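J.: I'd like to ask you about the structure that follows.
Readers should treat all values here as calculations from the given coordinates under stated rules, not as data from a laboratory. As the structure is a prediction and not an experimental result, all values here were calculated from the model. Every residue, glycine as well, gets a Cβ built from its backbone with ideal geometry; the counts of neighbours run over all protein chains shown.
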Amino acid sequence: MTKLNESARSEADLSQSALQTFSDYSQTFEVMVATGQAKVITPFFFLPSILIAPSQEPLLMTAEHEVIRVFEQLIHQLKGAGFDHSKLTKVSAKELSSMEVMISGTATRYQDKAETQILEEFGFTYTLRQSSMNWKIILGIIHGTNTAITFN
């Protein structure tokens, strides 16, 4: 195998590994909202990390209790709006370095299992950093669905 092929394979492996972590995060997010237990989401975050959404100031989280507080507020908001589940689409990843992978896509939050009642739609772009053999979110940005990045 040539060096170029090895590099492409390594990039694909890193991206797939980060995508699996992001999938695990998304599934844990659903469990978190259903159970009201914000603590279950904390292992997915590198500290410090930043969350950015258009409707609020950027949130810098430097400790586990700050992650819990942010997600407790989100659980309260989602439950109050009648959240049932999310569906992710157009998810793709790009290796930025051997330590960082960017993941982008779109999400639709529904109020019902039949997916007839849309709560909200948004785009997301996350940067994950490899830490002790695990991928962790270091930056999350929520944005419009039309600005989600598609990586080749």
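J.: When both residues are 6+ apart or on different chains and their Cβ atoms are under 7 Å apart, which pairs have a first residue that lies in the stretch 11-37 and is of a type in the set (D, E, K, R), and a second that is part of a helix (DSSP H, G or I) and surrounded by fewer than 17 Cβ atoms within 10 Å (Cβ to Cβ)?
T.: Qualifying pairs under 7 Å: none.
J.: Please indicate, with yes or no, whether at least one residue in the stretch 133-143 is more than 16 Å from the chain's Cα centre (by Cα) and either surrounded by fewer than 18 Cβ atoms within 10 Å (Cβ to Cβ) or more than 29 Å from GLY82 (Cα to Cα) (or both).
T.: Of the stretch 133-143, the ones more than 16 Å from the chain's Cα centre (by Cα) are 133.
Filter again for either surrounded by fewer than 18 Cβ atoms within 10 Å (Cβ to Cβ) or more than 29 Å from GLY82 (Cα to Cα) (or both), leaving 133.
Yes, the stretch 133-143 has at least one match.
J.: Right, next: Suppose the filter is assigned to a loop (DSSP other than H, G, I, E, B) and either exposed (fewer than 12 other Cβ atoms within 10 Å of the Cβ) or of a type outside the set (Asp, Glu) (or both); does ASN146 pass it? Before you say what the answer is, go through the steps one by one.
T.: Working: assigned to a loop (DSSP other than H, G, I, E, B): no; either exposed (fewer than 12 other Cβ atoms within 10 Å of the Cβ) or of a type outside the set (Asp, Glu) (or both): yes.
So ASN146 does not fit the description; no.
J.: Something else: Out of all the residues in the stretch 41-83, which are buried (at least 18 other Cβ atoms within 10 Å of the Cβ) and closer than 16 Å to GLU121 by Cβ?
T.: Result: LEU78, PHE83.
J.: Restricting the stretch 101-115 to residues that are hydroxyl-bearing (Ser, Thr, Tyr) and within 18 Å of GLY80 (Cα to Cα), which is surrounded by the fewest Cβ atoms within 10 Å (Cβ to Cβ)? Spell out how you get there, then give the answer.
T.: Let us first name the residues in the stretch 101-115 that are hydroxyl-bearing (Ser, Thr, Tyr), namely 104, 106, 108, 110.
Filter once more, keeping what is within 18 Å of GLY80 (Cα to Cα): 108, 110.
Working: THR108: 16, TYR110: 19.
That would be THR108.
J.: Within the stretch 123-132, how many residues are over 11 Å from the mean Cα position of the chain (by Cα) and surrounded by 18 or more Cβ atoms within 10 Å (Cβ to Cβ)?
T.: Taking the stretch 123-132 and keeping what is over 11 Å from the mean Cα position of the chain (by Cα), we get 129-132.
Adding the requirement that they be surrounded by 18 or more Cβ atoms within 10 Å (Cβ to Cβ) leaves 129-130.
Matching residues across the stretch 123-132 total 2.
J.: So, one more: Looking at the stretch 114-122, can you tell me whether even one residue there is among the aromatic types (Phe, Trp, Tyr) and in contact (Cβ under 8 Å) with a residue 60 or more places away in the chain?
T.: Of the stretch 114-122, the ones among the aromatic types (Phe, Trp, Tyr) are 122.
From what is left, the residues that are in contact (Cβ under 8 Å) with a residue 60 or more places away in the chain are none.
No: the stretch 114-122 contains no residue that is among the aromatic types (Phe, Trp, Tyr) and in contact (Cβ under 8 Å) with a residue 60 or more places away in the chain.
J.: Okay, next question. Out of everything in the stretch 55-73 that is within 16 Å of the chain's Cα centre (by Cα) and in contact (Cβ under 8 Å) with a residue 12 or more places away in the chain, what residue ends up being nearest to GLN117 (Cα to Cα)? Break it down into steps so the answer makes sense when it comes.
T.: Of all residues in the stretch 55-73, those within 16 Å of the chain's Cα centre (by Cα) come to 58-61, 67-68, 70-71.
Now restrict to residues that are in contact (Cβ under 8 Å) with a residue 12 or more places away in the chain: 60-61, 67-68, 70-71.
Working: LEU60: 32, MET61: 32, VAL67: 29, ILE68: 28, VAL70: 26, PHE71: 23 Å.
Within the stretch 55-73, the match that is nearest to GLN117 (Cα to Cα) is PHE71.
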